[in-house]
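Input: a single structure, listed below in structure tokens.
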Amino acid sequence: MSYATSMVAAVPVFGRMFKVESEAELEDINAWPAAMIMASFIWFFAAVLLGISLPLTQMLGLDASLFYTAITGHGAAMAFPFVFQLMMGVGLHRAAGCVGKPVSGWIPATAFWMMNIGALLFTIAILMGLKISYAVMYPLPVVGVETGQWSMTSLIIGFTGIAGILVTVIVLFPVQVIKMFFFDKEREELVLHRRKLSDPGMLGMAMAAFVLLIMGSPLLIVASAVLLGLYGILPFAWIPWATDPMVFQFVFYIFAHNLMEAMAIMIVSAVYATLPLYLADGTRQLYSNKLANLALWILLVTSVTSFFHHFYTMFPALPSALSYHGNIMSWGTGVGAAITIFTITMTIVKHGLRAEAGVMAVLMGFTLYILDGVSAIITSTVAWSYQLHGTMWQAGHTMAVLIAVAMMWMGVLLHHYPVITGRVLDKTRGMWFVILYTVGAMGLAYSFLAAGAAGMPRRFASWDQEGWMIYGYLILFFGLCMTLSMLIFFIDVSKARRINTGAEAAPAE
Amino acid sequence: MLEFIYQSGWGAFTMLLLFQIPFLLVFLTVIYRKAYVDTSASTITDAKISKLRGGWLTLVIALFLVINIVGIQYIPAIYTAKAANSSVAAVDVAIEAQSWSYDMSVREFEVGKPVRFNAVSLDTVHGFAVYHPGGRVLFTMMLVPGVGESSLIYTFNEPGTYKVRCLEYCGAAHHEMSDEIIVTEASS
Ligand SMILES: [Cu+2]
């Protein structure tokens with residue numbers, strides 16, 4: 001038994017949900033992914049509680065600092081140690097099983113520890129008073145120290161934590177993927193379902209790895225320089241190029257925007273891989289691989305430079321030519337999405353569907369993802385951006401894309417769960433999870449978007465103005481729906497039944 | 001109508017629903033029918049599929065073009081340039097944002113007179129959003145310190161008290177960072 005496997009088994013409550021009891025020879029593609037998946041759900045649990053506390057602090061009229069503490073923790077936990085880590089765990093397992101390469105050694109281990117210790121350090125900093133939202137809002141972290149809102153120590157601990165997370169997201173995860181796809185030696189016994197790189201179910205994974213590595217590097221360099229400055233190793237006089245607010249904002253959004261796009265490209269790819277396994281007539285093929293890959297290429301090219309949409313409202317500090325470019329590129333991602341919609345719909349129309357929890361979660365997650373895509377291109381249209389930027393619309397968009405991507409990965413996880421853990425799940429519970437999660441996620445998204453349309457600001461600890469509290473009640477209600485769906489999911493994975501060796505074969509992929 | 005669609009949050013919401021509802025209806029119906037009603041493989045021909053594909057992509061490209069081309073006139077850079085070139089001189093307002101208040105050189109304006117808002121931040125990232133007395137956002141600007149002014153020309157067409165709010169999270173009292181603008185009837 002590997003060290004990752006025994007660690008998972010030793011964790012109370014969450015350990016039994018994801019402990020690996022599968023065949024020993026698959027240990028090298030199961031152990032670290034299971035650890036990442038387990039850790040991601042611990043963070044999800046914390047993030048959901050913090051999320052529920054946000055409307056509560058407003059309804060109970062609690063201190064604004066509680067709200068800003070909770071929102072910083074909630075956003076950070078959702079985006080990185082939950083969604084990204086879940087994607088990393090499920091994605092690495094899936095990719096490894098397609099190319100027959102191990103997910104073992106120091107890279108996945110370091111990725112796991114850097115992500116979780118980093119997130120833990122950031123959490124400690126938040127509890128010490130660092131309230132900068134997950135978007136950091138640079139130069140706010142430094143200004144907050146100067147104005148006595150939080151301490152220098154909390155800033156140093158927080159930035160150290162963020163650095164750990166960034167190293168995992170920008171370097172370790174992409175390097176592991178690239179290593180598996182292009183280098184390591186194949187091990188026959190690890191191949192679960194062989195796929196080539198040209199397969200739509202693989203291509204997106206490779207694209208995403210390169211996007212993260214390339215688009216993230218500038219942020220890594222700037223953030224490292226700032227961190228070394230904070231440690232006192234580099235004098236700040238040497239690094240004005242890194243501490244300049246505009247530089248930091250640009251490298252941050254070039255990364256953060258493309259992180260979301262990379263996760264989207266990767267999950268669309270995983271949908272392309274998973275859907276064919278559930279077709280009623282047993283075809284196991286998309287209606288068109290070419291069209292599927294075309295959509296991925298369009299998404300890749302258009303998403304890279306659409307990040308300008310984060311800056312439209314600073315005109316003329318952002319030249320209008322770059323605004324138009326961001327506008328058109330953002331709509332271009334919509335063309336990629338339209339092609340994906342067509343491919344998926346036509347595949348289902350042609351071959352019929354076996355309604356199981358895994359594929360239903362994937363398809364409902366995809367539905368949420370497309371609905372959210374519409375809200376994204378609307379707020380990325382220059383004219384609308386001036387009414388929506390900084391409102392709950394954008395909070396809703398960010399949240400919806402994260403919960404849509406999370407749901408698709410949970411669907412893919414439900415599919416791979418028997419192979420990873422050696423246990424099978426209950427179908428009824430799976431369906432209830434899918435239904436409640438979908439209702440909760442859609443309700444949340446519409447509540448946020450309507451609040452944004454009504455002008456309610458995001459990250460704003462005073463909801464009791466202009467009648468905005470009504471949106472707070474809606475958010476609380478649908479947030480509780482999602483909490484319930486998550487509890488059903490946790491019960492489902494806790495009570496999974498052991499596969500009788502040989503009697504019930506694990507689904508192959 | 002176009003003014004409502006392109007110049008208000010609820011207009012954006014209307015556009016959102018115009019896209020989302022047809023998608024939801026068609027996609028969920030397909031899933032429901034093919035998963036629960038009739039799961040058998042369909043006899044749809046390749047010719048029919050490529051026709052549908054052509055139609056779908058044409059529709060997508062047409063919407064892409066129409067919505068963006070019609071929207072050009074509502075882009076602040078465009079209406080600002082138009083107002084700057086008109087014969088009516090704009091009133092200049094200098095705004096300095098600093099945690100957690102605004103310093104504005106003028107706070108009272110007249111209906112129908114273009115106003116050029118030039119705003120900077122002195123410390124961290126702030127916003128400068130002007131709200132219609134009815135509660136909707138008229139426009140917001142993001143102010144990043146050290147990069148120069150964010151600027152646009154806006155012409156008020158109703159008298160009243162307009163709220164100003166910061167829409168970029170800026171620390172402990174972010175939600176208290178607000179101000180007011182008074183717009184009066186035209187004097188002449
Ligand atoms: Cu502010």
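Just so you know, all these numbers are worked out from the coordinates, no wet-lab data involved. These numbers come from a predicted model, not from an experiment. FYI the Cβ positions are ideal-geometry reconstructions off the backbone, even for glycines, and counts take in every protein chain you see.
A Förster distance of 25 Å, applied to the separation of the beta-carbon atoms of A:L484 and A:L60, puts the FRET efficiency at 0.70. Applying a DSSP loop filter and a limit of 15 other Cβ atoms within 10 Å to the chymotrypsin sites (Phe, Trp or Tyr not before Pro) in the stretch B:86-124 leaves nothing.
Placing a pseudo-label 7 Å from each Cα along the Cα-to-Cβ vector at A:F183 and B:S42 gives an inter-label distance of 4.6 nm.
Here's how it looks for B:D123: its modeled amide H is under 5 Å from those of B:S99, which are all 5 or more places away or on a different chain. Label zone of A:T428 (point 7 Å out along Cα→Cβ, amide N under 12 Å): in the stretch A:479-493 this covers no residue at all. Here the residues A:S375, A:S104, ranked from fewest to most Cβ neighbours within 10 Å of their Cβ, fall in the order A:S104, A:S375.
Loop-located GluC sites (Glu not before Pro) in the stretch A:101-204 (DSSP state not H, G, I, E or B) with no more than 15 neighbouring Cβ atoms inside 10 Å: A:E186. Between A:V191 and A:E25, full extension at 0.36 nm per residue minus the direct alpha carbon distance yields a gain of 58.7 nm. Taking θ as phi - 60° and the Karplus parameters 6.51, -1.76 and 1.60, the scalar couplings of the stretch A:471-485 work out to 5, x, 5, 4, 4, 5, 4, 6, x, 5, 4, 5, 4, 4, 4 Hz in sequence order, x denoting glycine and proline. Derived scalar couplings between HN and Hα for the stretch B:121-132 equal 10, 9, 10, 10, 5, 10, x, 9, 10, 9, 9, 5 Hz in order, rounded to whole Hz, by the Karplus curve 6.51 cos²θ - 1.76 cosθ + 1.60 (θ = phi - 60°), x for Gly and Pro.
Between B:A186 and B:A173, the distance separating the two model label sites (each 7 Å from Cα on the Cα→Cβ line) works out to 4.0 nm. Can you give the net charge of the other residues whose Cβ lies under 15 Å from the Cβ of A:M38, counting K and R as +1 and D and E as -1? Net local charge, A:M38 excluded: +1.
Average 1/r across all pairs of distinct alpha carbons in the stretch A:32-194, invert it, and you get the Kirkwood radius: 16.9 Å. In terms of Cα atoms, the Rg and Dmax of the stretch B:77-184 work out to 13.4, 44 Å. Computed over the stretch A:237-304, relative contact order equals 33 percent, with contacts defined as Cα pairs under 8 Å that lie 6+ residues apart. Placing +1 on the Cβ of every Lys and Arg and -1 on the Cβ of every Asp and Glu, with nothing else charged, gives the protein assembly as shown a dipole about its Cα centre of roughly 1880 debye. Scalar couplings 3J(HN,Hα) for the stretch A:267-280, obtained by applying the Karplus form with A = 6.51, B = -1.76, C = 1.60 to θ = phi - 60°, are 6, 4, 4, 5, 5, 4, 7, 7, 3, x, 6, 10, 7, 5 Hz; x denotes Gly and Pro. Here the stretch B:77-184 is assigned +1 on the Cβ of each Lys and Arg and -1 on the Cβ of each Asp and Glu. Its dipole about the Cα centre then comes out at about 380 debye. Positive end of the dipole of the stretch B:1-142 (Cβ unit charges, origin at the Cα centre): among B:S105, B:T140, B:I31, the Cα lying farthest that way belongs to B:I31.
Once backbone amide H atoms are built at 1.01 Å from N, B:L152 has B:F117 as its partners under 5 Å, excluding neighbours fewer than 5 places away on the same chain. In chain A, excluding the sites themselves, the longest stretch lacking any of the trypsin sites (Lys or Arg not before Pro) that are in a DSSP loop with at most 13 other Cβ atoms within 10 Å is A:285-494. Just going by the charge dipole of the protein assembly as shown, with Lys and Arg at +1 and Asp and Glu at -1 on Cβ, which of A:I214, A:A451, B:A119 is farthest out on the positive end? Value computed over the given set: A:I214. Based on the reciprocal of the average 1/r between different C-alpha atoms, the Kirkwood radius for the protein assembly as shown equals 26.0 Å. Taking the centroid of alpha carbons for each part, the stretch A:93-143 and the stretch A:336-353 are 35 Å apart.
Between the beta carbons of A:V13 and A:I117, assuming R0 = 30 Å, the FRET efficiency works out to 0.90 to the nearest 0.05.
In straight-distance terms, cross-link reach from A:K179 covers every one of the lysines whose alpha-carbon lies under 27 Å from its own, apart from those fewer than eight places away in the same chain; here that gives A:K19, A:K101, A:K196, A:K290.
Sorting A:299-306, B:33-40 by average packing, meaning the other beta carbons within 10 Å per residue, from highest down gives A:299-306, B:33-40. Listed by chain and number, the lysines placed with their C-alpha closer than 17 angstrom to that of B:K82 are B:K113; residues fewer than eight positions away on the same chain are left out.
Taking every DSSP beta bridge that has both ends in the protein assembly as shown, the antiparallel portion is near 75%.
Straight-line reach from B:K163: which aspartates and glutamates have Cα under 16 Å away, leaving out those fewer than 8 places along the same chain? Excluding near neighbours in sequence, the set is A:D464, A:E466, B:D103, B:E108, B:E110, B:E176, B:D179, B:E180.
Here r is the Cβ-Cβ distance between A:I328 and A:R498 and R0 is 56 Å; the resulting FRET efficiency, rounded to 0.05, is 0.55.
If you take all other residues with their beta carbon under 12 Å from the beta carbon of A:S485, and give Lys and Arg +1 and Asp and Glu -1, the sum is 0.
Relative contact order of chain B: 19 percent, from C-alpha pairs under 8 Å at least 6 residues apart in sequence.
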